[in-house]
Amino acid sequence: MANQDIKPNTAVIPGPRPFGRGRGRRLAPRIEEFAAVWVLRAAATVSVVTTIAIVFTLLRESFAFFQDVPVWEFIGGTKWTPLFKPSSFGVLPLVGGTLLVTAVAGLTSLTFGIGAAIFLSEYAPDAVRRVIKPVLEVLAGIPTVVYGFFALTFVTPIIRWFFPDANIFNALSAGLVMGLMIMPMVSTLSEDAMVAVPRSLRDGAYALGATRFEVAVKIVVPAALPGIVAALILGLSRAIGETMIVTIAAGATPNLTFNPLEGIQAMTAYIVQVNQGESPHGSVIFKTMFAVGLVLFLMTLAMNIAGQWAIRRYRNRY
Amino acid sequence: MEAPSERDGFDAGRATDHIASAVTRPHYAGPTPPRGAATARSGWRRNRDTIAFLLFFASVVVGILGLAVLLVDVLSRGLPWLDWDFINNFPSRHAEESGVKAALWGTIWIMFLTALFTIPLGISTAIYLEEFAADNWRNRIIRVNIANLAGVPSIIYGLLGLAVFVQWWGLGRSVIAGALTMTLLILPVVIIASQEAIKSVPQEFRDGAYALGATKWQVSKRIVLPLAVPGIMSGVILALSRAIGEAAPMITISALVFLTFTPSGPTDRFTVLPIQIFNWVGLPQDDFRGVAAAGIIVLLVVLLAMNSLAIFVRNKFQKRY
């Protein structure tokens, strides 16, 4: 019978006060509020814990590995034969293999990605852009195992038709297909940077009689350069960490070479290779995965930080 | 090769049309720019312009052609192997008896559990960062950290899962260890997508609720979350569809096994579609290339279905303000 308690002169405005303390506030919502904030905060910490766990795991197993193998042999060695006797643990052939494939992928995606970005930002009418961009972005959504299959069954035979002495597993095939994979990323990020270039710069050049090509190459590309560099760096970082294409198409023979027609082994491909057999926890082979993973993690981390720094630079520019 | 009227010099009417159309468009995508006297005098510069246009256009064509060739290659190799038995059979030594049953069920299990873990974690983090977190150093670290996590190679997550879930927590090479690893892998993507969806809820709605005396949590729960759910869900589905295609982190968890059973619980061993495809690609017999292509078609159909669902959810339920 709450109604009987109401007296005419207690004129309380109905509803709780915003952030009010004390009068009229019930306890339950405040407990709920308190609990909710802590639950949400705990969820947000998961991502930080993940990073710590990644770094901790890689470092712990790597330190254990460096008890067995001297650091300088790992970093400076040019022979990687952990699975045979006498075993040798020089990581350079794996790093070199990764970099060779990444270089091919970088050249491919730089050429076509920036060409596509210039076309989309400077030439294509809006209607064409709206059709082409989603189609290109489908490329970024295709699973990498499919690209690996495509490289091995379609691109490699073509390469071997042109260069009959190329290995079945070669860095060129993997690199070209990987370039196709990261092309939409490079072109989208570059295009964003080009669109951000103020129109007044283009209008100035057109007023002086420049052609579209001259405006694109002499005005827009230099002005958008930090963004384009960022796009390329982030694309290459994806390429370095990519696993399935290099595992399927580039081979499993650690090989320090500059010839993209030879078979190589990338860092990621080595980690997969170890997992193809059961290697007991604590064995040297098991620890090598984490040492190689640490190198991979540091390389991609450095590139991602550089890429984000470059993006911030061009965003602040205009 | 230019029309006489253009050679006369600057065409004022065309130039203003061009500027007017450029002003109304978000991007500078106007037609041919005004042709000044300098351009008209120099045929080489005009030709160079045309050649360059063709080259830039060719880059786009290379991308689209690459996609088309890839799809045709996969379809032409895989379709002859694709039938009901392929969906319903376990892998076999004989190409014609091989199927994706174990991998398909493994993928479904992993995705179900991953969604179960990712959705609450991702949405909670996004709400915290967008609605609660002050702009102090602790929360800035969380934000920068999420951006960096999104760039960590997927196989590194595989190593993390192997060391933490499989060995330290003693979960073994099980479905649950795979799902937890996959959760960590796609969490940054889900958080970023959810943050975008939450940002798109107009500030006025929040202000209205605050004016009526709601607390931050009440605003988040009753105003922001219901309005952001369509955007969040389409982001979650897209993130899951990326996870379905990921082979690398699952290889370190499940190892490359040849399974002839479907998981019956979260502690069973498992294999997933991309691993099964990878297995078949690696086999020497040529027939298994066709089987692998058929597996790829199944994978792509699943992806297509999920992407369509994401687009449907976004278009059907998302409001524009």
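The values are calculated or read from the model by the stated rules, or taken from the named source; none is laboratory data. Since we're looking at a predicted model, the values are computed, not measured. For neighbour counting, all protein chains shown are included, and Cβ atoms are generated from backbone atoms with ideal geometry for every residue, glycine included. Keep in mind that these areas ignore ligands, DNA and RNA; they rest on the heavy atoms of the full protein, side chains included. Shrake-Rupley method; radii C 1.70, N 1.55, O 1.52, S 1.80 Å.
Pull up the stretch B:102-140, narrow it to residues that are of a type in the set (Ser, Thr, Tyr) and within 13 Å of B:ALA243 (Cβ to Cβ), then point me to the one that is farthest from the other protein chains (Cβ to nearest Cβ).
Filtering the stretch B:102-140 down to residues of a type in the set (Ser, Thr, Tyr) leaves B:107, B:114, B:118, B:124-125, B:128.
This time we only want the ones that are within 13 Å of B:ALA243 (Cβ to Cβ), so: B:107, B:114, B:118.
Details: B:THR107: 11, B:THR114: 14, B:THR118: 11 Å.
Residue satisfying both the conditions and the ranking: B:THR114.
Give just the number: which of (1) crowded, with 24+ Cβ neighbours inside 10 Å; (2) closer than 18 Å to B:ALA248 by Cβ does A:GLY251 not satisfy?
Failed condition: (1).
Report yes if some residue within the stretch B:302-313 is at pLDDT 85 or above and of a type in the set (Ser, Thr, Tyr); otherwise report no.
yes
Just the residues that are part of a helix (DSSP H, G or I) and free of Cβ contacts under 8 Å to residues at least 60 places away in the same chain, please, taken from the stretch B:77-111.
B:TRP84, B:ASP85, B:ASN88, B:GLU97, B:ILE108
For the structure I just gave you, tell me whether B:LEU70 is at pLDDT 90 or above, over 29 Å from the mean Cα position of the chain (by Cα) and among the aliphatic types (A, V, I, L, M). Steps first, answer last, please.
Working: at pLDDT 90 or above: yes; over 29 Å from the mean Cα position of the chain (by Cα): no; among the aliphatic types (A, V, I, L, M): yes.
Spelling it out, it is not the case that B:LEU70 is at pLDDT 90 or above, over 29 Å from the mean Cα position of the chain (by Cα) and among the aliphatic types (A, V, I, L, M).
Tell me, which residue of the stretch A:267-290 that is in contact (Cβ under 8 Å) with a residue 24 or more places away in the chain and under 19 Å from B:GLY245 (Cβ atoms) is farthest from the other protein chains (Cβ to nearest Cβ)?
Step by step, filter the stretch A:267-290, then rank; the result is A:ALA269.
Select from the stretch B:263-275 the residues that are within 11 Å of B:TRP105 (Cβ to Cβ) and of a type outside the set (Asp, Glu) and write down the one among them that is nearest to the other protein chains (Cβ to nearest Cβ).
B:LEU273
Which pairs turn up if I take residues in the stretch B:64-76 that are under 24 Å from A:VAL128 (Cα atoms) and in the same structural domain as B:VAL298 (by TED's automatic domain parsing) and look for partners that are modelled with pLDDT under 95 and surrounded by fewer than 17 Cβ atoms within 10 Å (Cβ to Cβ) with beta carbon separation below 7 Å, at least 6 apart in sequence or on another chain?
none
If you go through the stretch B:52-74 one residue at a time, how many are more than 8 Å from chain A (Cβ to nearest Cβ) and exposed (fewer than 15 other Cβ atoms within 10 Å of the Cβ)? Steps first, please.
Residues of the stretch B:52-74 more than 8 Å from chain A (Cβ to nearest Cβ): B:54, B:61, B:65, B:68, B:71-72.
Still in the running and exposed (fewer than 15 other Cβ atoms within 10 Å of the Cβ): B:54, B:65, B:68, B:72.
Total satisfying the criteria: 4.
May I ask you to verify whether B:VAL229 is more than 10 Å from chain A (Cβ to nearest Cβ), open to solvent by 30 Å² or more (accessible area, probe 1.4 Å) and touching a residue at least 60 places away in the same chain (Cβ under 8 Å)? Give the steps one after another, and end with the answer.
Details: more than 10 Å from chain A (Cβ to nearest Cβ): yes; open to solvent by 30 Å² or more (accessible area, probe 1.4 Å): yes; touching a residue at least 60 places away in the same chain (Cβ under 8 Å): yes.
Yes.
Considering only the stretch A:157-170, state which residues are away from every other protein chain (no Cβ under 12 Å) and either surrounded by fewer than 24 Cβ atoms within 10 Å (Cβ to Cβ) or at pLDDT 95 or above (or both). Steps first, answer last, please.
Looking only at the stretch A:157-170, we keep the residues that are away from every other protein chain (no Cβ under 12 Å), and these are A:159-167, A:170.
Residues satisfying the conditions are A:ILE159, A:ARG160, A:TRP161, A:PHE162, A:PHE163, A:PRO164, A:ASP165, A:ALA166, A:ASN167.
Residue under question is A:ALA249, and the condition is that it be within 11 Å of chain B (Cβ to nearest Cβ) and in contact with a strand residue (DSSP E or B) (Cβ under 9 Å, 6 or more places away or on another chain); does it hold?
Values: within 11 Å of chain B (Cβ to nearest Cβ): yes; in contact with a strand residue (DSSP E or B) (Cβ under 9 Å, 6 or more places away or on another chain): no.
No.
Among what's in the stretch A:96-117 and is within 14 Å of chain B (Cβ to nearest Cβ), hydrophobic (A, V, I, L, M, F, W, C) and open to solvent by 10 Å² or more (accessible area, probe 1.4 Å), pick the residue that is nearest to A:GLY175 (Cα to Cα).
Checking each candidate, the answer is A:LEU107.
Using beta carbons and a limit of 8 Å, which pairs, at least six apart or on different chains, have the first residue in the stretch A:181-198 and open to solvent by less than 10 Å² (accessible area, probe 1.4 Å) and the second one not in a helix (DSSP H, G or I)?
Within 8 Å, the pairs are A:MET181/A:ILE142; A:MET181/A:GLU242; A:SER190/A:ALA224; A:ALA193/A:ALA224; A:MET194/A:ALA224; A:VAL197/A:ALA224; A:VAL197/A:TYR318.
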